[in-house]
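Coordinate-derived values only; no laboratory data. Keep in mind the model is a prediction, meaning the values are calculated, not measured. Note that we place each Cβ from the backbone using ideal geometry, even for glycine, and neighbour counts take in every protein chain shown.
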Amino acid sequence: MRLDTPAVTDAEIYGEHAAALVRFATVLVGPNDAADVVSAAVLRVISSAGWASVSNHRSYLHQAVANEAHNFRRGETRRKHRETRVPVPRATYPQEVHPEVRAAVARLSVRQRATVYLAYWEDMTDHMIAAYLGISAGSVRRHLARARHHLRRALNEDR
């Protein structure tokens, strides 16, 4: 390394190339797994002993992503092959008991759904919900009251 050039950190190198690496990985493994492949490749490269001597980071990282994508695809193929050989009992799921409740909750605003979830499923108090969501306790009570009103009205209409 030359003394007159400033040292570039691994984070800066990653920041410079991350978007291009994810686009490249998307072509190789698809959009659902691209970020995971890039993360695994970059972590493997940065932790390797030869990383400090790399002069063309862009090319090296792209090659690492290509190798990681190849490993990922090979692993996926092996997993699918194993799954086809092992007999798995068919899973049966119970029929949804009250689909109208799910539909009514889905029609609530995001904030109302969040407060209902935290109040009833996580058993939080108004003050706990307020701290968790970063709003006032009065807002929590208002969102819960409106949600209850909408749910009551929606569920009574379905009867």
**Asked** In the range 66-149, which GluC sites (Glu not before Pro) are in a loop and have at most 12 other Cβ atoms within 10 Å, using DSSP for the loop call?
**Response** Glu96, Glu122
**Message:** Given N residues in the chain, what is its alpha carbon radius of gyration divided by 2.2 N^0.38 Å?
**Reply:** 1.69
**Prompt:** What order do you get for Trp51, Trp121 when you list them from fewest to most C-beta neighbours inside 10 Å?
**Reply:** Trp121, Trp51
**Request:** Please say if the range 66-159 is rounded, prolate or oblate, where rounded means a/c under 1.5 for a ≥ b ≥ c the square roots of the C-alpha gyration tensor eigenvalues, and otherwise the choice is prolate for a/b larger than b/c and oblate otherwise?
**Result:** oblate
